Amino acid sequence: MSAGIVLVTSDDAVMWLLAAGPAGAVATYWALYRYYRNTDKSHAFERDTLIQARPVEGAQEKVDHISRTRDSDIDGDNSSDHRSRVERLR
Amino acid sequence: MTSAVPGDAQRPRDPEAPVFDGPPLSLEEELAAARAEPEPGPDIETVNESLADGLNRCPKCGGTDVRLRASTGMLVCLFCRHQWQESRVEEEFGLGEGIEELEGTVVASGADAVAADVDDVVTLTCGGCGADVVVDTAHSLNARCHWCRHTLNINQQTPNGAVPDAVLPFKLTHAEAVERIREFASKRRLFAHPRFKREFVPENVLGVYLPYLVVDARAEAAYVGRGEIQTRRWTEKQGDSSVTYYAADVYRVDRSVAFTVDDLTIEGAADRAVLDSSTTNNIVNTILPFDTKNAVKWNSSYLVGFTSEKRDLDVGDLQPVLEDQLLSIGRSQVRESLSDFDRGVRWEQERLDLGGSRWVSMYLPVWLYSYYQENTKMLHYIAVNARTGETMGSVPVSQWRLVAAALTVGTVLEGIAGAVLMGMA
């Protein structure tokens, strides 16, 4: 059993090492492409507009507990992705 | 039944045709129509009363050869060198004030709905010699009389969206724009398409006034989602390897924020408003913002020597864009209040109450170098904000060189990986 896991772990390491070449090639392509074409750029209106905000109000209520998970963060974290729209309440 | 369009009144009516003005109204409807308030005028009247369509003379010498002097931001008479400028709309129309008290949708007269059936081509009678001179307002708001050489201007607001409320004059000169475009492109030479490099002539850059709607708004945004706070973290041995596990409390998170925005700038031309990957419009979008506080009252002499693109989107068309941007701004405002949730927050629902908005149309100055790439049928831009100098561009790439560079890097990395594996073996 333990020999099997050691084998799997060392296989994983080999896989990661072998993936370095293709991953590096793809990353190089995209980095250069974006530097030339700037397809990801847009006006940062959230930052560059004159905004006067009142203090943020809100509440939080505990609704559940996760006792054991391998995920290091919440699924679908969009707290920093300000432009991804979610269900609109009218 | 089709409703009457504004342009119908101007067309000559066939005298033989029967008169039809809709089905007869009931007595109640007739009475309600009689009691109704008159149609409201524009919320902010921005017409520059001192100017007319046609000749506009220098206040000192009466010459009509007037244009912008970019280095001073003032209008200059090319005959007597007298300089003057229009007043800033910020103070003239009180645009910087009262955002907290905005109610409903307030629209300045130059941002009124665009009438689709109004002809862009306007014929002016030259006040100097009486000749008829044609101006295509879709691209220009000045013309020179071909007989007596007077400059004729369009200054009255027309329903086709060509004359805005305000204009922000060019500040960067042509030479400065050329320099910035050259600098931008020279940093991107190695992998640029060879044909682009061969045909690159930055001196061909054009000064364009692009149409924008500048919006002040008062809003309240609310968000509902789930947030998680880690309560425990531990590792378990599984044979020779170890696995990390987490425990967390799950919260329902509510946040709301009331805020005002001053001079949010939105594209007013449909061609420019599409920001997907099929175009390079995001380039022109990226050079925002402009110092819109310095925009001045409309005077088409500021446009002499430049081209312009007329607005074809209305306030109604852009309301969803405004709401989308306000929701994004609200999200960025509440971001800092989420620091307790170390495992992150997933927003699931959002709501926007738009208390009030004020819309003003402006021409904003852009130096635009464009290049049409034939094989991909893509129009590339290098754009310079003619106020701040911010430069952004899209340079067509040579796919072969890019792939070769990527393969080289990949091969080197793979070689290192192979060496490491050999070492391990």
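Read-outs: derived from the displayed coordinates by stated rules, not from any lab. Note that the coordinates shown come from a computational prediction; the quantities given were computed from them, not determined experimentally. Cβ atoms come from the backbone with ideal geometry, glycine included; neighbour counts cover every protein chain shown.
What does the charge count around residue B:49 come to, taking other residues whose C-beta lies under 14 Å from its C-beta (Lys +1, Arg +1, Asp -1, Glu -1)?
Local charge sum for residue B:49: -4.
For chain B, modelled as a GNM with alpha-carbon contacts under 10 angstrom, which of B:27, B:352, B:303 fluctuates the most?
Looking only at B:27, B:352, B:303, the biggest GNM fluctuation is shown by B:27.
Just checking the protein assembly as shown: which Cys have no other cysteine's beta-carbon under 4.7 Å?
Here no cysteine comes out as lacking a disulfide-compatible partner, given the Cβ-Cβ threshold of under 4.7 Å.
Determine by what factor the alpha-carbon radius of gyration of segment B:168-287 differs from 2.2 N^0.38 Å, reporting the quotient.
Compared with the compact-globule rule of thumb, segment B:168-287 sits at 1.89.
Which entries in A:62/B:237; A:41/B:297; B:187/B:310; B:293/B:377; B:310/B:377 show an alpha-carbon gap greater than 27 Å?
A:62/B:237; A:41/B:297; B:187/B:310; B:293/B:377
Which residue fluctuates the most in chain A, going by a Gaussian network model with Cα springs under 10 Å, if the choices are A:67, A:80, A:42?
A:67
Give, to the nearest whole percent, the P(r) tail of the protein assembly as shown beyond 30 angstrom, counting all Cα pairs.
Pairs farther apart than 30 Å: 64 percent.
Return the loop-located trypsin sites (Lys or Arg not before Pro) in segment B:127-223 (DSSP other than H, G, I, E, B) with at most 16 other Cβ atoms within 10 Å of their own Cβ; answer none if there are none.
For trypsin sites (Lys or Arg not before Pro) across segment B:127-223 that sit outside H, G, I, E and B with at most 16 neighbouring Cβ atoms in 10 Å, the list reads B:149, B:187, B:189.
If you put +1 on each Lys and Arg Cβ and -1 on each Asp and Glu Cβ, how big is the dipole of the protein assembly as shown around its Cα centre, in Debye rounded to 20?
2800
Counting other Cβ atoms within 10 Å, which GluC sites (Glu not before Pro) in segment B:207-286 have at most 10 and lie in a DSSP loop?
Sparse-neighbourhood loop GluC sites (Glu not before Pro): none present.
Toward the positive end of the charge dipole of chain B, about the Cα centre and with charges on Cβ (Lys, Arg +1; Asp, Glu -1), which of B:163, B:368, B:140 goes farthest?
Among B:163, B:368, B:140, the one farthest towards the positive end of the dipole of chain B is B:368.
How large are Rg and Dmax for segment B:87-188 when only the alpha carbon atoms are used, in Å?
19.1, 53
Can you check what the Kirkwood hydrodynamic radius comes to for segment B:300-425, Cα pairs only, in Å to one decimal?
21.4
Compute the signed sum of charges (Lys and Arg +1, Asp and Glu -1) over the other residues within less than 10 Å, Cβ to Cβ, of residue B:202.
Value of the local net charge: -1.
Report, in whole Å, the centroid distance computed from the Cα atoms of segment B:96-152 and segment A:45-81.
Comparing the Cα centres of segment B:96-152 and segment A:45-81, I get a distance of 48 Å.
Any idea what the relative contact order of chain B is, in percent, if you count C-alpha pairs under 8 Å spaced at least 6 apart? Intermediate values should be presented prior to the final figure.
Working: 806 pairs, mean separation 97.6, N = 425.
Worked out over chain B, it gives 23 percent.
Test of understanding: express the Cα radius of gyration of chain B as a ratio to 2.2 N^0.38 Å, with N the residue count.
Against the compact-globule rule of thumb, the ratio is 1.31.
Considering only B:63, B:239, B:104, give the residue with the highest GNM mean-square fluctuation for chain B, with springs between Cα atoms whenever their separation is below 10 Å.
Largest GNM mean-square fluctuation: B:239.
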